[in-house]
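> Below is one structure. I have some questions about it.
FYI, it's all coordinate maths here, none of it is from the lab. Here the structure is a predicted model, which is why all the values come from computation and not from measurement. All Cβ positions, glycine included, derive from the backbone under ideal geometry; neighbour counts span all protein chains shown.
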Amino acid sequence: MSELYAASLVDIRDRLASGQVRAEEVTRACLDRIEATEPAIHALLAVRPEALDEARALDAQGPDPSKPLWGVPVTVKDALATAGTRTTAGSRILENFVPFYDAFAVEKLRAAGAIILGKNNMDEFAMGSSTENSAYGPTHNPRDIQAIPGGSSGGSAASVTAMQCFASLGTDTGGSIRQPAAMCGCVGLKPTYGAVSRYGLLAYGSSLDQIGPLTRTVEDAALVFSVIAGHDPRDATSAPRTAPGPELLAGVQQSRHLAGMTIGIPEEFMAAEGLDPAVAEACARAQNLARGLGAKLVSVSLPHATRHAIAAYYIVAMAEASSNLARYDGVRFGYRSDKAKNLEELYTFSRTEGFGHEVQRRILLGAYVLSAGYYDAYYRKAAEVRRLIRQDYLKALEQCDAMLAPVSPVPAWKLGSIIDDPLKMYLMDIYTVSLNLAGLPGLSLPVGRAGSLPVGMQIIGREFDEATILKIGHVMQTVLGDLELPCI
Ligand code: GLN
């Protein structure tokens with residue numbers, strides 16, 4: 001494809017920097033692509049009308065080599081605050097919320113010269129695995145309009161895959177970057193907890209939430225990650241480390257093989273019930289590919305990570321959600337019901353009308369597991385299990401440099417098919433949630449197909465060792481080439 005919008009981010013960035021294309025042309029190409037694809041996929045909740053003017057202003061100044069994303073159009077999940085642009089987190093309760101500041105990661109994108117085209121659709125407050133929980137209607141998978149795009153960053157994955165933009169920022173609390181990337185067939189990086197500041201992220205589960213890029217290539221993910229990573233005193237859990245810088249991309253681009261690497265295969269993951277045979281086969285082929293590229297494969301064990309991860313994750317995530325979402329009270333900001341006759345009714349009606357069913361379910365369950373008398377049985381237990389899961393991962397990563405595992409047990413399912421069965425939806429997160437409990441980084445890479453739908457695998461790494469998983473992903477992606485999946 002020769003259209004501008006179809007280039008990789010690194011490629012278009014280089015063409016912009018050398019003056020071969022102008023920022024306005026590239027932005028216009030993406031806006032046209034949005035117009036052509038958006039009616040079918042609904043990946044965006046807002047398109048910024050200022051984008052074209054911003055591109056023209058950049059062109060007037062000329063390329064700036066100090067800005068690694070100069071003139072590159074990107075989109076951002078609607079969970080991240082964007083100054084002057086409506087930010088809803090997919091919720092009715094924030095339908096009129098226009099932040100006056102940028103999230104740290106958005107600030108970084110703008111400072112690097114990127115142009116924010118718009119805000120991506122998402123499950124309300126990032127709670128979901130299919131983007132069907134958005135108060136503004138679901139996103140459709142650009143590979144198959146009848147299928148879910150994954151979630152909760154389904155709008156981000158669909159937008160990148162449909163080539164509306166060159167990258168998007170998503171958030172991952174229990175898989176929400178990796179799983180939609182796998183469902184749509186793009187790349188998604190969930191960084192180590194603490195690597196990217198959460199300042200300006202509308203919180204879901206604060207001890208689990210991480211921001212990261214969705215892109216079409218691993219190189220692109222490395223570049224965006226190097227831009228958004230780094231210490232930020234406004235987030236108390238931001239790691240006091242220096243940002244990776246341009247060496248990260250250079251190191252990834254220079255990687256040609258996997259010789260000298262040991263890659264662990266978590267045995268319980270491959271043996272888990274419910275793993276679709278077509279997904280298992282694509283994963284087995286990817287493992288063989290890694291071996292063929294020189295990696296030594298070893299079997300590793302994560303005894304707690306499949307058996308107890310879903311239960312522990314949903315207790316911790318809901319507990320934190322119930323606390324984080326207490327701030328939406330109809331008084332300070334967000335939706336306010338006009339039916340209330342007293343203060344208590346104001347809280348009750350505003351929250352009942354403003355939050356969707358899934359969010360209400362989680363607030364209730366979260367408050368329950370934290371309540372006196374149940375705290376020890378549920379929350380404390382889950383926190384203990386969390387520690388065991390992390391220990392499993394740390395032990396396994398002593399035996400290998402990285403691990404290769406499925407992302408989702410099944411390919412993208414049909415829209416509407418399991419939305420009425422929350423437990424079934426939660427079980428779909430079996431392979432992703434444990435990584436958030438452990439705080440480790442994971443890269444989701446498309447490795448094959450099940451029929452016409454993509455299959456992704458995650459490459460799991462050591463703490464703050466995004467470089468290794470990006471190198472492995474890049475080497476594998478280079479050999480896999482174009483998977484020739486259909487796309488709108
Ligand atoms: N599907 C998981 C949940 O609903 C993960 C969501 C996420 O990572 N934001 O909690």
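> What ranking do His231, His308, His257 get, fewest neighbouring Cβ atoms within 10 angstrom at the top? Intermediate values should be presented prior to the final figure.
Values: His231 15, His308 18, His257 12.
Fewest-to-most Cβ neighbours within 10 Å comes out as His257, His231, His308.
> For a quick check of your reading of the filter: which GluC sites (Glu not before Pro) in the stretch 194-295 sit in a DSSP loop and have no more than 15 other Cβ atoms within 10 Å?
Values: sites: Glu219, Glu247, Glu267, Glu268, Glu273, Glu281; in loops: Glu273.
Taking the stretch 194-295 and a limit of 15 other Cβ atoms within 10 Å, the loop GluC sites (Glu not before Pro) found are Glu273.
> Regarding the stretch 247-289, what whole-number volume in Å³ per residue does the convex hull of its Cα atoms give? Please report the intermediate quantities before stating the final value.
Values: hull volume 4.8 nm³, N = 43.
Roughly 112 Å³ of hull volume per residue.
> With charges only on Cβ, +1 for K and R and -1 for D and E, what is the dipole size of the chain about its Cα centre, in debye, rounded to 20? Mind showing how you got there, number by number?
Numbers: 45 positive and 53 negative charges, 126 e Å.
Charge dipole of the chain: 600 debye, to the nearest 20.
> Roughly how many Å is it from the Cα centre of the stretch 1-57 to that of the stretch 357-383, as a whole number?
Their Cα centres are 44 Å away from one another.
> Another one. For the chain, what is the calculated [θ] at 222 nm in deg cm²/dmol (nearest 500), taking -39500 (n - 2.57) for each run of four or more DSSP H residues and dividing by its residue count?
Values: 18 runs with 192 residues, N = 488.
Rounded to the nearest 500, it is -12000 deg cm²/dmol.
> Can you sort Tyr335, Tyr375 by how many other beta carbons sit within 10 Å, fewest first?
Details: Tyr335 19, Tyr375 14.
Sorted ascending by nearby Cβ count, the order is Tyr375, Tyr335.
> Show me, for the stretch 422-434, the HN-Hα J-couplings you get by feeding each phi into the Karplus relation (A = 6.51, B = -1.76, C = 1.60, θ = phi - 60°), rounded to Hz, glycine and proline as x.
x, 5, 4, 4, 4, 5, 5, 8, 3, 8, 9, 5, 5
> Counting only DSSP beta bridges with both residues in the chain, tell me the antiparallel percent, nearest 5. Don't jump to the answer; show the numbers that get you there.
Working: 31 of 45 bridges.
Bridges in the chain are about 70 percent antiparallel.
> By what distance, in whole Å, do the Cα atoms of the chain stretch along each of the three principal axes, largest value first?
63, 55, 44
> A further question follows. What full-extension length gain, to one decimal in nm, is calculated for Ser323 and Arg291 as 0.36 nm per residue of separation minus the Cα-Cα distance?
Details: separation 32, 0.36 × 32 = 11.52 nm, distance 4.56 nm.
Taking Ser323 through Arg291 to full extension adds about 7.0 nm, to one decimal.
> Return the FRET efficiency for the residue pair Ser371, Ala40: r is the Cβ-Cβ distance, R0 is 35 Å, and the value is rounded to the nearest 0.05.
Values: r = 45 Å, r/R0 = 1.28.
Rounded to the nearest 0.05, the efficiency is 0.20.
> Which of the GluC sites (Glu not before Pro) found in the stretch 394-488 are in a DSSP loop and have at most 14 neighbouring Cβ atoms, other than their own, within 10 Å?
On the way: sites: Glu398, Glu463, Glu466, Glu484; in loops: Glu398, Glu463, Glu484.
For GluC sites (Glu not before Pro) across the stretch 394-488 that sit outside H, G, I, E and B with at most 14 neighbouring Cβ atoms in 10 Å, the list reads Glu398, Glu484.
> Taking other Cβ within 10 Å of each residue's Cβ, how do Met428, Met457 sort, fewest first?
Numbers: Met428 21, Met457 29.
Neighbour counts put them in this order, fewest first: Met428, Met457.
> Take the alpha carbon atoms of the stretch 190-215, find their center, do the same for the stretch 237-255, and report the distance between the two centers in whole angstrom.
If you average the Cα positions of each part, the centres end up 17 Å apart.
> How would the stretch 240-338 be classified by its alpha-carbon gyration tensor: rounded, prolate or oblate, with rounded meaning a/c under 1.5 and the a/b versus b/c comparison settling the rest?
Numbers: a/c = 2.91, a/b = 1.61, b/c = 1.81.
It is oblate, given that a/c is not under 1.5 and a/b is not larger than b/c.
> Another question about this same structure. Could you pull out every residue, at least 5 positions away or on a different chain, whose amide H is within less than 5 Å of the one on Ala147? Hs are placed 1.01 Å off N in the peptide plane, and Pro or chain starts have none.
Close amide H contacts, sequence-distant or interchain: Asn141, Leu415.
> Right, here's the next one. Which whole-Hz couplings ³J(HN,Hα) result when phi for each residue of the stretch 152-167 is put into the Karplus expression 6.51 cos²θ - 1.76 cosθ + 1.60, θ = phi - 60°, listed in order with x for Gly and Pro?
Calculated HN-Hα couplings, in order: 8, 8, x, x, 5, 5, 5, 4, 5, 5, 7, 6, 6, 7, 9, 6 Hz.
> Same structure again: Amide H to amide H under 5 Å from Gly448: which residues, 5+ apart in sequence or cross-chain, H placed 1.01 Å off N in plane?
Correct list: Val455.
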